[in-house]
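The values are calculated or read from the model by the stated rules, or taken from the named source; none is laboratory data. These numbers come from a predicted model, not from an experiment. Virtual Cβ from ideal backbone geometry, glycine too; neighbours counted across all protein chains shown.
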Amino acid sequence: MITNLATDAAGMTSNAFLVTGEPGGRARETADGETGRRVLVDCGANYDAVAAVREHVDDLDGVVLTHTHPDHVGTLPELREAFGVETVGFDPSHDAVDAELPDGDTVEAGTATFETLHTPGHKDDHLCLFDRDSGVLFAGDLVFADGAFGRTDLPEGDRETLIDSIQRLREWVGDDLTAVYTGHGPPIETEPGASLELSVRAAKL
């Protein structure tokens, strides 16, 4: 199950996805009745993340960062204090990252195992996460619904690198893709593969 905790945030924030159970939405539990590893994919900013987590689960096992822009990590100090939680991300030299999550590695969230793909272009430390069993992709700010794509006018942004990352992502997920959860806006659940291809074409314009 995937729940966006930052839906009602008043200020600028990324989406903050709490993953429990089976990420494809069927809420499959593990054999012992648990919801698996309770993980936030990005934690957002400008809302009470601790209270939002506690509306759904009594504890948090980890935070996985798609990248370290402030709107994706703003609530991290409060989460660390409340839950003693460890964060993983691509760049362990950043204050928001406790442990490295490199390209080609895996991370557990809910009852799923997500593979990682380094996808710079929006930011150098950007990662995408993909669970091949459910077809669920966390795309961060690389792509968005309706063929939109991440900004490249910020520090570390580069349009050609972004285009290459989207193309590699499309090949990497193949035909297994069923849903894309983006860093901002709604998920892409209808023809997500076609949406990635549209993002590539739009970024090339």
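So, in segment 165-205, exactly how many residues are exposed (fewer than 13 other Cβ atoms within 10 Å of the Cβ), of a type in the set (Gly, Ala, Ser) and in contact (Cβ under 8 Å) with a residue 40 or more places away in the chain?
So the count comes out to 1.
Condition first: surrounded by fewer than 16 Cβ atoms within 10 Å (Cβ to Cβ) and at pLDDT below 90. Now tell me which residues in segment 1-28 satisfy that.
Answer for segment 1-28, where residues must be surrounded by fewer than 16 Cβ atoms within 10 Å (Cβ to Cβ) and at pLDDT below 90: Asp8, Ala10, Gly11, Gly25, Arg26, Ala27.
All but one of (1) on the phi < 0 side of the Ramachandran plot; (2) at pLDDT 95 or above hold for Asp176, so report the exception by its number.
(2)
Every residue in segment 31-54 that is of a type in the set (Asp, Glu) and modelled with pLDDT under 95, please. If you could, list the steps in order and put the result at the bottom.
Initially, segment 31-54 is screened for residues of a type in the set (Asp, Glu), giving 32, 34, 42, 48.
Of everything in segment 31-54, those that are of a type in the set (Asp, Glu) and modelled with pLDDT under 95 turn out to be Asp32, Glu34.
If a residue has to be among the small types (Gly, Ala, Ser), in a helix (DSSP H, G or I) and without any contact (Cβ under 8 Å) to a residue 24 or more places away in the chain to count, how many in segment 80-111 make the cut?
Selection size over segment 80-111: 0.
Would you point out the residue of segment 44-79, among those that are outside any helix (DSSP H, G or I) and of a type in the set (Val, Ile, Thr), that is farthest from Pro120 (Cα to Cα)? Explain how you work it out, then say what you get.
As a first pass, look at segment 44-79 and keep what is outside any helix (DSSP H, G or I): 44-48, 55-69, 74-75.
Narrowing the set further to residues that are of a type in the set (Val, Ile, Thr) leaves 57, 63-64, 66, 68, 75.
On the way: Val57: 32, Val63: 20, Val64: 16, Thr66: 10, Thr68: 12, Thr75: 23 Å.
Checked segment 44-79; the qualifying residue farthest from Pro120 (Cα to Cα) is Val57.
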